[in-house]
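The values are calculated or read from the model by the stated rules, or taken from the named source; none is laboratory data. Keep in mind the model is a prediction, meaning the values are calculated, not measured. Methodologically, a virtual Cβ is constructed for each residue, glycine included, from the backbone with ideal geometry; neighbour enumeration extends over all protein chains shown. Ligands, DNA and RNA are stripped out before the accessible areas are found, and what is left, the full protein with its side chains, is counted by its heavy atoms. Shrake-Rupley method; radii C 1.70, N 1.55, O 1.52, S 1.80 Å.
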Amino acid sequence: MELLNTFFVAPFASMFGSPLFLAEVIIGGLLTGVLYSLVALGFVLIFKASGVFNFSQGAMVLFAALTLVGLMERGVPVWLALALTVLVMIALAWLIERLMLSRLVNQEGIILFMATIGLSFLLEGFGQIFWGSNVKRLDIGIPNESIHLAGIPINQFDLFAALMAAGVVALLAVFFQKTPTGRALRAVADDHQAALSIGIPLQRIWLIVWSVSGFVAIIAGVVWGAKSGVQFSLSLIALKALPVLILGGFTSVPGAIVGGLIIGVGEKIAEIYWGPVLGGAIENWFAYMLAMVFLMFRPQGLFGERIIERI
Amino acid sequence: MKINLKNIIWITMAVLALVLSSGGCEKKDGGSKQAGGGQEQFFPMLVYRTGPYAPSGIPVANGFRDYYDLVNKRDGGINGVKITWEECETEYNTKLGVECYERLKNKGDNGATLFNPFSTGITYQLIPKAAVDKIPIHSMGYGRTSAADGRVFEWVFNFPTTYWSQASAFVKYVGSQEGGMDKLKGKKIALVYHNSAYGKEPIATLEKLAEQHGYDLKQLAVDHPGQEQKSTWLQIRQYSPDWIFMWGWGVMNQVAIKEAAAIGFPMDRFIGVWWSGSESDVVPAGEGAKGYKAGAFHASGGEWPVLQDVLKHVYNGDMEKARANNWGEVLYNRAIVNGMYNVESVRTAQAKFGNRTVKGEEVRWGLENLNLTQERLKELGMDGFVQPVKITCADHESGGSVFIQQWDGSKWNPASEWISPISELVRPMIEADAASYAKENGITPRGC
């Protein structure tokens, strides 16, 4: 009886006993969730266009942030540093396409996946040799203090980061829906062979999609780097995106967004209301558990494409 | 020239090469050094210059290297015996740490002098090996706290203090700030800890002290690596503690300090363990970190004679180069202290066994008979830098005192006198844990 009370009564009593705090937890979870979505988006873009699960997305976030801060530390003005970082990520995409992807065309997905694991270690090591392993401060000028909305404290930085992430998503939506390149990307995503047959250059598309993913990595690197300092741990942020992908589906941009929000709110509620009775620090594994529960009902994720095999 | 994507990429690479050529890559001095000719004393170095904990590992590795270099250059070695050393990269990974141990233990004229694992996880793995290989371990202020009981842990030393001593000193400090230990009754203390064996070390001590003094203790675990702590700090805001203690590590520290500042928690009531009190922990938080406190068992800064000697003999007075190698930072100075303990243990062993290369078991004797008085510390340029140490057969911890330091936005300053631990609580706990280890492992405690 006590067990039932601990798990099924007390947490809910605590939630509804303090609705203002519950609202704060939910808002905190939503804002964090948007940041998870930002990292997840990088995975989705590449998987959608090429079927490659890019294990190195976290390393790309680290590499982008290290490059940006490294340039700024050497006196390069912030906007020029940002522009140079974008170009570096395009150059990286080009190198990846030339030296890795083009040599693995028509290989099994697992081989491409293994190649991205290698790429991940390469980027982490190369980034540290090039820019050093010390923590680097990244100040983007957004205050860290909270503002109060209807009595609920909201961190200004988190709010700004969420808005920035939302802006990137909107930009990507326009790019995919309204531009010829975006339409070509969607065509490649739907069917490689059909896209090739109507003259869409696959290698160019791959270069573009890896570059766009690199751009998303810069934004994620700036946001997470400003929160914790730019350091090796940034590459581990990819682990936070995995349950989002499982839940939202590997091929859906809206899935990454909604998945991020569900995971963000879910893990915060679990940690705060059920964490204390389970010894604390449950949010990491809870996120994966939540994603797996969704998988039981929708194996392709919330917004993933349904897997139909005709025999 | 035709402007296309390929050309843009090449131009970008050229610009970057130009930017980097004006001082781009972080300079790394040679990690390993072999002195030529004569007798040599070999010190293995388990380092982590890469990986998620590299920001802490780099200053430590540089500090060790520079102290050994100083002794060679300034004194011609230890009583004429040149120091040699070799770094092995562990990435703070226990498995790699054990591999490094195996790789380095037989190097040098007489094998490894001793090991400083600089990781609680690696220390735990090496404890059983130390007695077998007859190579002592000195885990300075970390590792297994009950190794302070030398009757059971003959080959392991953790002076000058332990996590349990530090936890009790924190409570004493809070008591003094509140106007007396009796004022702790009804106070709320939150412990934010790394969800690992290391992070859980102070819990038993803090719980016992909570029973004795009547304060409420809320424990909040943060999983590795700790980049996202929103729920932890929401709980802290709701709990509204009077004080926060932190047993953090790596990125967890920087995020926690930033989150504490974001919720407006008074930073002078937020105290971190000595692994949460270096420059890399506070600098990323910017202005918000001002006032944050941390435990320490040695001083920071470069004004100490020993640091001036390093500047003079190792860097030829080149302050810029010294600072680029973390000279004077908290973790750098910690390795200077550890390097000094290593060298003085060898010197103590030489006093008994002769001025030659000494073996691991002889160094163990040197560690157990180490007596660093105020006068000796003064000779070493460390008077006031660390507390005197006197190791005995039974006590491998020595005094256990710590002090509180405070970040002022640009440097760490002492914020308290030396605080002795609550030994009447801590020592029995150490002996009980050591006795339990001895029973589990069939060890008969030595009569000391």
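Side notes on the structure shown:
- So A:V39, is it closer than 30 Å to A:W206 by Cβ, in contact with a helix residue (DSSP H, G or I) (Cβ under 8 Å, 6 or more places away or on another chain) and away from chain B (no Cβ under 14 Å): no
- Flag for A:A256 being within 14 Å of chain B (Cβ to nearest Cβ), under 28 Å from A:Q177 (Cβ atoms) and either touching a Gly at 6+ places or on another chain (Cβ under 8 Å) or in a helix (DSSP H, G or I) (or both): no
- Any hit, region B:284-303, residues being over 29 Å from B:A262 (Cβ atoms) and of a type in the set (S, T, Y): no
- Looking only at region A:14-26, residues that are in contact with a helix residue (DSSP H, G or I) (Cβ under 9 Å, 6 or more places away or on another chain) and either modelled with pLDDT under 90 or in a helix (DSSP H, G or I) (or both) come to 8 in all.
- Test: residue in region B:92-101 that is open to solvent by 10 Å² or more (accessible area, probe 1.4 Å) and not in a helix (DSSP H, G or I): yes
- Checked against the criterion of being outside the structural domain of B:F170 (by TED's automatic domain parsing), within 22 Å of B:Q166 (Cα to Cα) and touching a residue at least 60 places away in the same chain (Cβ under 8 Å), the candidates B:Y292, B:Y332 yield just one match: B:Y332.
- Per-region count, region A:136-151, residues at the interface with chain B (Cβ under 7 Å from one of its Cβ atoms) and farther than 20 Å from A:L71 by Cα: 3
- Some residue of region A:113-135 being out of contact with any helix residue (DSSP H, G or I) (no Cβ under 7 Å at 6 or more places or on another chain), crowded, with 19+ Cβ neighbours inside 10 Å, within 12 Å of chain B (Cβ to nearest Cβ) and more than 27 Å from A:V52 (Cα to Cα): yes
- If you go through region B:280-308 and keep only what is in contact with a Gly (Cβ under 6 Å, 6 or more places away or on another chain) and within 14 Å of chain A (Cβ to nearest Cβ), you end up with B:P284, B:K290.
- Any hit, region B:67-83, residues being surrounded by 19 or more Cβ atoms within 10 Å (Cβ to Cβ) and among the small types (G, A, S): yes
- Taking residues in region B:200-222 that are within 17 Å of B:K188 (Cβ to Cβ), and partners anywhere that are of a type in the set (V, I, T) and open to solvent by 10 Å² or more (accessible area, probe 1.4 Å), the pairs with Cβ atoms closer than 7 Å and at least 6 places apart or on different chains are B:Q219/B:I203.
- The requirement of being without any contact (Cβ under 8 Å) to a residue 60 or more places away in the chain, surrounded by fewer than 21 Cβ atoms within 10 Å (Cβ to Cβ) and closer than 23 Å to A:L138 by Cβ is not satisfied by A:V86.
- Close pairs from region A:1-28: first over 21 Å from A:L278 (Cα atoms) and more than 14 Å from chain B (Cβ to nearest Cβ), partner open to solvent by less than 40 Å² (accessible area, probe 1.4 Å) and at pLDDT below 90, Cβ under 8 Å, at least 6 apart: none
- The selection criterion, being touching a residue at least 60 places away in the same chain (Cβ under 8 Å), surrounded by fewer than 18 Cβ atoms within 10 Å (Cβ to Cβ), assigned by TED's automatic domain parsing to the domain that holds B:Q235 and over 16 Å from B:G272 (Cβ atoms), holds for B:A197.
- Among the residues of region B:218-245, the ones that are facing chain A (nearest Cβ under 9 Å), open to solvent by 30 Å² or more (accessible area, probe 1.4 Å) and part of a loop (DSSP other than H, G, I, E, B) come to 2 in all.
- From the list A:A189, A:A170, A:A184, the lone residue that is in a helix (DSSP H, G or I), free of Cβ contacts under 8 Å to residues at least 40 places away in the same chain and either farther than 30 Å from A:P143 by Cα or of a type in the set (D, E) (or both) is A:A184.
- All positions within region B:358-412 that are in contact (Cβ under 8 Å) with a residue 24 or more places away in the chain, closer than 17 Å to B:C448 by Cβ and open to solvent by 10 Å² or more (accessible area, probe 1.4 Å): B:R364, B:E368, B:T392, B:C393, B:A394, B:D395, B:E397, B:S398
- Within region B:121-135, tally of residues that are under 20 Å from B:P55 (Cβ atoms) and open to solvent by 10 Å² or more (accessible area, probe 1.4 Å): 1
- Checking each residue in region A:193-219 for being within 18 Å of A:F176 (Cβ to Cβ) and touching an Asp or Glu at 6+ places or on another chain (Cβ under 7 Å) picks out A:W206, A:L207, A:W210.
- So A:Q231, is it open to solvent by 40 Å² or more (accessible area, probe 1.4 Å) and polar (S, T, N, Q): no
- Verdict on A:V230 being closer than 28 Å to A:L101 by Cβ, within 11 Å of another protein chain (Cβ to nearest Cβ) and touching a residue at least 24 places away in the same chain (Cβ under 8 Å): yes
- Looking across region A:214-252 at every residue that is touching a strand residue (DSSP E or B) at 6+ places or on another chain (Cβ under 9 Å) and not in a helix (DSSP H, G or I), the one that is modelled with the highest pLDDT is identified as A:V230.
- A residue that is more than 25 Å from A:L138 (Cβ to Cβ) and either surrounded by 13 or more Cβ atoms within 10 Å (Cβ to Cβ) or in contact (Cβ under 8 Å) with a residue 40 or more places away in the chain (or both) can be found somewhere in region A:52-64.
- Residue within region A:209-225 that is within 12 Å of chain B (Cβ to nearest Cβ), at negative phi and polar (S, T, N, Q) present: yes
- Taking region B:266-277 as the range and being part of a loop (DSSP other than H, G, I, E, B) and open to solvent by less than 20 Å² (accessible area, probe 1.4 Å) as the test, the residues that pass are B:V273, B:G277.
- A residue that is over 28 Å from B:R446 (Cβ atoms), hydrophobic (A, V, I, L, M, F, W, C) and either in contact with a helix residue (DSSP H, G or I) (Cβ under 7 Å, 6 or more places away or on another chain) or open to solvent by 10 Å² or more (accessible area, probe 1.4 Å) (or both) occurs nowhere in region B:344-354.
- Of all residues making up region A:152-167, the number that are away from chain B (no Cβ under 14 Å) and either surrounded by fewer than 20 Cβ atoms within 10 Å (Cβ to Cβ) or assigned to a loop (DSSP other than H, G, I, E, B) (or both): 4
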